[in-house]
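Worksheet: the structure to be examined is printed underneath.
Nothing in this text is a laboratory measurement; each read-out follows from the coordinates by a stated rule. The structure displayed is predicted, hence computed values, not measured ones. Quick reminder, even Gly has a Cβ in these numbers, built from the backbone with ideal geometry, and neighbours come from all protein chains shown.
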Amino acid sequence: MMKKTYIIFAGVITMMVSVNSYAQTGNTAKSETKTAAKSKSDPDVKAEQFVAALNLTDTAKASQVKAIITTHLTAVRDWHNNHAYTLVPEGLNPITGKIFTKADRQFIVDSTIPKTVHETLMAGLRQYLTDDQVELILDKYTIGKVAFTMNGYKSIVPDMKPAEEAFILTNLKQAREQAIDYKNVEEISTVFKIYKTKIEDYFNSNGRNWKVMYKTYVDQVLAKKAIDKNAPAADKD
């Protein structure tokens, strides 16, 4: 009887060890997956991706550019991570009259990053790259927001004049260069929103009504969707 009891007990222990081992293996796999996911936002990984888009044949130059970008991305990340939104007191936004959100306060803190961080990056890029190549890198930082936003304005503004297009492009490029010193997409979008407000004010001050143009565009989009939705299905024969 004792022998039988021992065998059952040993079997239970073996099963428990197996389950525990399986759980540890699963946790390890999850940990490795999490680490792999984090690696995509690592400054060194991002810098390598940015430089790869340049297709540089000069490996020494590519290495220098990567080091410059990595240094900048690391500085931006560390400034953001080491400066909490709580450093900015709660208060009212003087423009909107609303209480600052946590995101507002974090944006203000992140905007205090030393100017030398930006200046060092831009000087380094211009030392090794052409103007077009520098623009490509800045587009990588800001996930192509200049082209995307410009296309949006072209869709909204009828018969856009060359002077209007030039004004928009100038401001969007200024937004792009300023936005590279912020860590995440939300803050990058906030920078672009500042310049989009300037652009829309420009339209209002030069004979156009931004709200009317935007509403007309939205109405057209909704009307087209309604037509497409109500259109008879194509004959499958």
Over all pairs of different Cα atoms in region 181-222, the reciprocal of the mean inverse distance gives a Kirkwood radius in Å of 11.8
Whole number please: convex hull volume per residue of the Cα set in region 98-237, in Å³? 204
DSSP-assigned coil residues among trypsin sites (Lys or Arg not before Pro) in region 33-138, each with at most 15 further Cβ atoms within 10 Å: LYS40, LYS98
Simple label model, 7 Å out from Cα along Cβ direction - VAL218 to ARG126, nm: 4.1
Kindly state, to the nearest 0.05, the FRET efficiency for SER41 paired with LYS225, given R0 = 41 Å and r defined as their beta-carbon distance. 0.70
Just subtract the alpha-carbon distance of TRP210 and SER155 from 0.36 nm times their residue separation and send over the number in nm, one decimal. 18.5 nm
